[in-house]
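Everything below concerns the one structure shown next.
The values are calculated or read from the model by the stated rules, or taken from the named source; none is laboratory data. The shown structure was predicted, so the numbers you read here are calculated from the model rather than taken from an experiment. Note: ideal-geometry Cβ built from the backbone for every residue, glycine included; neighbour counts use all protein chains shown. The protein model used for the area step is the full one, side chains on, heavy atoms only, and it has no ligands, DNA or RNA in it. Shrake-Rupley method; radii C 1.70, N 1.55, O 1.52, S 1.80 Å.
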Amino acid sequence: MIMEMFVKKHIKAIQKGDQNAYAEIVELYKDKVYRLCYRMLGNRHEAEDAAQEAFIRAYVNIHTYNPAMKFSSWLYRIATNLSIDKLRKKKPDMYLDEEVSGTDGLTLYSQLPSNDASPEETVESLELQETVQRAIEKLPEKYRSVIVLKYMNDLSLQEISEILDLPIGTVKTRIHRGREALRKHLGHL
Amino acid sequence: MKCPDQIIEWMHDYLDGDIAPDDEKRLREHLQHCSACSQHFNSLKKTVAFIQYASPLAPPADFTANVMAKLPKEKQRVRAGRWLKNHPVLTAASLFAALTVGSLFTTWNKEQQFSVSTRENVIIHDHTVIVPKGETVDGDIVVRNGSIKIEGKVNGDVTVIHGEKYLASAGQVTGDVEEINEMFDWIWYNIKNAVKAMLE
């Protein structure tokens with residue numbers, strides 16, 4: 001409730017053109033928007049570009065934001081659509097390139113604070129992370145977006161339906177199919 | 001044992017946390033007896049655990065700054081408004097200055113007449129004030145629209161507005177000597193006096 005009031009107040013200020021208020025909104029949502037883009041696109045650089053662009057688009061189009069919708073849903077919608085656009089523009093050989101390099105994720109994860117895990121366990125967990133991400137990337141985009149929103153961003157079916165502007169039934173079906181597809185890559189591990 | 005047609009759908013409904021109690025009961029019963037379905041269900045649960053396990057990622061530290069740098073410039077009006085709100089003292093001061101400058105602009109143009117602030121111990125000759133040799137003026141002298149020639153001594157400040165000052169080698173002024181010939185000097189002089197008056 002407090003959070004919603006905070007966001008509402010800031011949106012009003014932004015709609016009047018106050019950029020400083022927007023910095024606080026970016027701070028608030030940057031982790032979630034970045035994570036969404038990363039899971040959709042599969043590498044850090046593209047994720048950063050897409051997340052930045054999503055925030056810029058949201059700012060530029062702030063006047064079209066309808067408060068009947070949660071602001072976060074509106075923002076995730078922009079980020080999801082942008083990520084899908086970028087996926088479509090990617091050339092097939094780009095995929096190949098990423099599969100081979102694969103260092104992006106490694107450097108990323110090695111930056112995470114080390115916990116008590118032994119080096120072997122850490123390597124194993126890194127490999128698992130990589131495997132999960134690659135499996136997500138093999139999903140067709142319509143399944144990928146619902147899976148990412150549901151499991152990476154921890155959103156409810158209702159919110160996902162709002163973000164993607166799809167009936168709940170369709171969201172469910174896509175999640176089911178996405179889960180089945182992922183099972184083929186991850187279920188045997 | 002024949003598997004129910006909707007068995008896979010029940011599994012997913014269960015994983016969505018959105019299964020009817022009757023369906024859940026049927027699902028459980030079937031899983032107990034069917035190893036193939038039970039395996040399918042377990043691999044689905046494992047898959048969900050894996051994707052949920054994917055660790056949190058954070059964008060680079062300068063992310064917000066980068067976004068802000070790329071935004072289109074905000075409206076001047078808002079920026080000015082915020083500046084005024086954040087600097088109330090400066091705002092008041094500049095408003096004061098603006099009003100003062102405005103009124104001084106008029107006085108500068110209006111006051112064209114020769115005047116001098118003191119007539120004691122000075123000779124006034126054709127718009128020139130002379131402090132003769134051997135004479136001492138106690139106090140400040142302000143000359144407007146005229147000049148001053150100092151051969152004697154002034155115990156105070158000398159200010160010439162719209163004029164010139166001549167200080168003879170023997171002349172002496174204990175305070176400041178100032179010549180004001182430009183509007184900005186005039187404005188500055190007035191602001192300085194106002195501030196001085198405020199501080200005193």
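Sequence-distant contacts, meaning Cα pairs under 8 Å at least 6 residues apart, place the relative contact order of chain B at 10 percent.
Count neighbours as other Cβ atoms within 10 Å of each site's Cβ, and list the trypsin sites (Lys or Arg not before Pro) in region B:1-55 that are DSSP loop with at most 16 such neighbours.
Answer in residue order: B:Lys2.
Remark on region A:147-168: accessible area falls by at least 10 square angstrom from chain-alone to full-complex state for A:Lys150, A:Tyr151, A:Met152, A:Leu157, probe 1.4 angstrom. Taken across both chains, chains B and A shield about 3900 Å² of accessible surface from a 1.4 Å probe. Heavy-atom surface analysis with a 1.4 Å probe gives region B:5-53 a carbon and sulfur content of 44 percent of its accessible area. When the Kirkwood radius is taken over all Cα pairs of region B:118-178, what Stokes-Einstein diffusion coefficient follows at 25 °C and 0.890 mPa s, in µm²/s? The Stokes-Einstein estimate is 225 µm²/s.
Taking all Cα pairs closer than 8 Å and separated by 6 or more residues, the relative contact order of region B:115-199 comes to 21 percent.
Pairs with C-alpha atoms separated by more than 30 Å, drawn from the list B:Lys165/B:Lys196; A:Lys16/A:Lys172; A:Lys150/B:Lys25; A:Lys30/A:Lys90; A:Lys9/A:Lys150; A:Lys30/A:Lys89, are A:Lys16/A:Lys172. Cβ under 11 Å from B:Gly171's Cβ, B:Gly171 left aside: what net charge do those residues give with Lys, Arg +1 and Asp, Glu -1? It works out to a net charge of +2. How tilted is helix B:76-86 with respect to the longest principal axis of chain B? Cα atoms for both, answer in degrees (0 to 90, nearest 10). The angle comes out near 80 degrees.
With the convex hull drawn over the C-alpha atoms of region B:1-58, the volume per residue is 78 Å³. Excluding ligands, DNA and RNA, the accessible surface per residue across region B:115-199 is 57 Å² with a 1.4 Å probe. B:Thr64 sits among other residues whose Cβ lies under 13 Å from its own Cβ, and their net charge, with Lys and Arg +1 and Asp and Glu -1, is -3. Residue-normalised convex hull volume from the C-alpha trace of region A:27-66: 72 Å³ per residue. Considered as an equivalent ellipsoid built on the Cα gyration tensor, region A:1-93 has semi-axes of 26, 12, 12 Å, the largest given first.
With q set to 0.07, 0.09, 0.13, 0.17 Å⁻¹, the log10 of I(q)/I(0) for chain B, from the Debye formula over equal scatterers at the Cα positions, is -0.52, -0.64, -0.85, -1.11. The loop-placed chymotrypsin sites (Phe, Trp or Tyr not before Pro) in region A:1-61, going by DSSP, include none that has at most 11 neighbouring Cβ atoms within 10 Å of its Cβ.
Between the Cα long axis of helix B:88-110 and the first principal axis of chain B there is an angle of about 30°, rounded to the nearest 10.
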